[in-house]
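The values are calculated or read from the model by the stated rules, or taken from the named source; none is laboratory data. As the structure is a computational prediction, the values presented were derived from the model and not from experiment. Neighbour counts run over all protein chains shown; Cβ positions are idealised from the backbone, glycine included. Heavy atoms of the whole protein, side chains included, go into the accessibility calculation; ligands, DNA and RNA do not. Shrake-Rupley method; radii C 1.70, N 1.55, O 1.52, S 1.80 Å.
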Amino acid sequence: MQHHAALRKALGKRLPDGLILLRGGRHIPRNGDVDFVFRQTSDFLYLTGVEEADCFLLIDPRRDRHTLFIPRIDNYHRVWLGHVPGPREAKTLYGFSQVLYSDQLESTVKKARRGYRKTYADEKVCGKWREVPRLPNRRAQLRDALDELRACKTEDEIELMRRANAISGRAHRKVMSSARHGQFEYQVQAVFESESLTAGLKQLAYPSIVAAGANGAVLHYHRNNARLNDGDMLLIDAGAECGGYAADITRTFPVNGKFTNRQRDIYSIVLRTQKTCIERARPGVVSAQLHVLSMTLIAEGLKSLGLLRGEVSGLVEGGAVRLFYPHGLTHMLGLDVHDVTGGRKRRMANPTKIPVRFVARLEPGFVITMEPGIYFIKALLLDPALRRKHRGSIDFTKAEKFLDFGGVRIEDDIVIQPQGPPLNLTTVPKEISDVEECCER
Ligand SMILES: [Mn+2]
C-alpha cells in the first residue's frame, strides 16, 4: 500500500504541472457472457495495486491528492460478482485518502483542474476524457515518466520477483523430475501450471512454451500437443507472476534424463555463454555489447563443432551465427514480461555493428533476462538464398544432420547490483550434472 503511494508521489514529482489521469483495465469479452481472464494493466497495478476492473486514478500533484475511482456497484452486480468493496472499504484496502465512484470523475476533475494548464492522461482515458473539460494532453510525457520510474525496481518489487521466481523454479524442477517419454507436451504444461497455481500464483506471466524434440526450434511454440520421445530434449519456457511481477525461465533437458554427446556439446556452448554474460552484466555495460559477446561465444562453440568455419568476428558481423541464434540475449523484466526499457533519458544509440532491439546501459535495480540459445531451424537452414550467402561460413551438410534436434535455450532472471556480478533470482538446476540429478528416474 505504502509502496504504491510512494510511487504515485514519485510520478507527481516528475509531472508537477498537470493533472495525471489513468484508466485501469476493462473486461475484454470473449464470447456470449464470457470475458477473458482479467489482468489489470501494468501501469495501473504499479501505481495502485488495485486488481479490479473499470477503475480510474487521478493524481493532483500540486495538492498531493490521489483519488481512486471505482465503478458504482448495484444489487445486480452483487448477485453475480459477490462482495465488491465500496468507497469506504476501498480506502483502507488500497490506502487512498479519497475513493469515489467513477460517475464522479467528471465533476472531480472540473474542480481539480483549477490552476493547471495541462493534463497527463493515459491513452485509454481518451474516451472518457472527452466528457471532461479539455486541457492540452501530454500523453507522451506521461508514458516517458512511467517508463523511467518502472525501469529501476524497488526492494519491494524485487521481493515479488524473487517469489515469482522461487515458485516458478520449483515448478520447473517438478517438470524435470516428472517428464517421461510417451507423455504429451500439454501434460508437462499441466505439471508446471498446477505447481504454480497450487502455490498461490494464479496467473502465468505468458503462455507456456513446452517443446519436445524439433519443436524446440520454434521460438514461440504454443501448440504444446506433441508427444515426448525417448532421446529428445524438452525445452520449457514458462513463468508465473506474483503481484503482477513476472518470472521468465527457460530450461532444456533430455526427456530420458541423460544427455547424449551431441546434446551435451550444444548445451555446453549455451550454458558457458549464459554464465559468461551473467558474470559480465554490471552497471555501465550496454546490453547490446553483451549480445555481441553472446554471439561471439556461440560462434566459437559452433566453430569448434565444425558447424561454422572462418574468423569468429566475421561469423558474428556477417550474420552466419544468427541462423543458429536468431533472437535477443536479454530483455527487461517486471510487470510486463518484456518490460518497459526506461524512457527517453535512457535511450541511446547502438554502440555495436549488430542490429539489436534492446539497447540500454545497465543500471542497479534493472531486472533483466539472460537467455542465449542455439537452434536448428528448417526455415533458415534450408533457405536457398541464405545457403548461398553463408556457404563459406556454414557447413550446411553437417547442420542438416541436426534438423531433428530442436534447440537449447537457458534463461535466468537477474538483478543488476551497484557493484559486482548480478543477483540471480532463478534457482533451477542448469549444470549438466545437476540437471541429470534432478531428472533422475
Ligand atoms: Mn524471456
Completion exercise
the range 109-123 and the range 333-400 have their Cα centres apart by a whole-number Å value of 42
Exercise for the section: For R173, R388, R441, R357, write out the residues from largest to smallest accessible area, computed with a 1.4 angstrom probe and no ligands counted. Expected result: R357, R388, R441, R173
Problem - Relative contact order %, the range 155-438, counting alpha carbon pairs below 8 Å whose residues are six or more apart - result: 23
Practice task
Lys and Arg at +1, Asp and Glu at -1: add these up for the other residues within a Cβ distance under 14 Å of V270 and post the number.
Solution key: 0
Problem - From the C-alpha gyration tensor of the range 2-150, square roots of 5λ in Å - result: 25, 16, 16
Exercise for the section: Could you state the accessible area per residue of the range 155-438 in Å², with a 1.4 Å probe and every protein chain left in place? Expected result: 41
Handout entry: the chain: calculated mean residue ellipticity at 222 nm from DSSP helix runs of at least 4, using -39500 (n - 2.57)
Key = -11000 deg cm²/dmol
Problem - K9/L93 FRET efficiency (R0 25 Å; Cβ-Cβ; nearest 0.05) - result: 0.85
Completion exercise
With all protein chains in place and a 1.4 Å probe, R344 shows an accessible area in Å² (nearest 10) of 140
Problem - Cα gyration tensor category, rounded, prolate or oblate, for the range 79-175 with a/c compared to 1.5 - result: oblate
Exercise for the section: Evaluate E = 1/(1 + (r/R0)^6) for C152 and N350, where r is the Cβ-Cβ distance and R0 equals 25 Å; express this FRET efficiency to the nearest 0.05. Expected result: 0.70
Fill in the blank from the handout: Order by accessible surface, 1.4 Å probe, largest leading, for residues L386, L307 comes to L386, L307
Fill in the blank from the handout: Listed by chain and number, the residues whose amide H is under 5 Å from that of L425, excluding neighbours fewer than 5 places away on the same chain and using placed H, are D413, I414, V415
Completion exercise
GNM on the chain, Cα springs under 10 Å; top mean-square fluctuation among L15, L58, L382 goes to L382
Fill in the blank from the handout: Where a ≥ b ≥ c are root eigenvalues of the Cα gyration tensor, a/c under 1.5 meaning rounded, otherwise prolate if a/b exceeds b/c and oblate otherwise, the range 158-300 counts as oblate
Handout entry: Label-point gap, in nm, between R139 and T260 - each point 7 angstrom along Cα→Cβ
Key = 5.4
Fill in the blank from the handout: Heavy-atom accessible area of the range 245-402 with neighbours in place, 1.4 angstrom probe: carbon+sulfur share in percent works out to 52
Fill in the blank from the handout: Under a Gaussian network model of the chain whose springs join Cα atoms within less than 10 Å, the largest fluctuation of Y116, Y325, Y375 belongs to Y116
Exercise for the section: Convert 25 °C to kelvin, take the viscosity as 0.890 mPa s, use the Kirkwood radius over C-alpha pairs of the chain as Rh, and evaluate the Stokes-Einstein diffusion coefficient in µm²/s, rounded to a whole number. Expected result: 103
Handout entry: the range 2-150, relative contact order [Cα under 8 Å, separation at least 6], %
Key = 27
Fill in the blank from the handout: If each part is reduced to its alpha-carbon centroid, the range 1-34 and the range 157-187 end up apart, in Å, by 31
Handout entry: Sequence of M348, M295 from largest to smallest accessible area, 1.4 Å probe
Key = M348, M295
Practice task
First compute the accessible area of the range 2-150 with a 1.4 Å probe, then give the percent of it belonging to carbon and sulfur atoms.
Solution key: 50
Completion exercise
The extension gain from R223 to L423, computed as 0.36 nm times the residue separation minus the Cα-Cα distance, is 68.7 nm
Practice task
Mind checking the per residue accessible area of the range 2-150 for me, 1.4 Å probe, whole number of Å²?
Solution key: 54
Practice task
With a cut-off of 19 Å, note down the residues of the range 279-301 whose backbone N falls inside the zone around a label point 7 Å from the Cα of D395 toward its beta carbon.
Solution key: 297-301
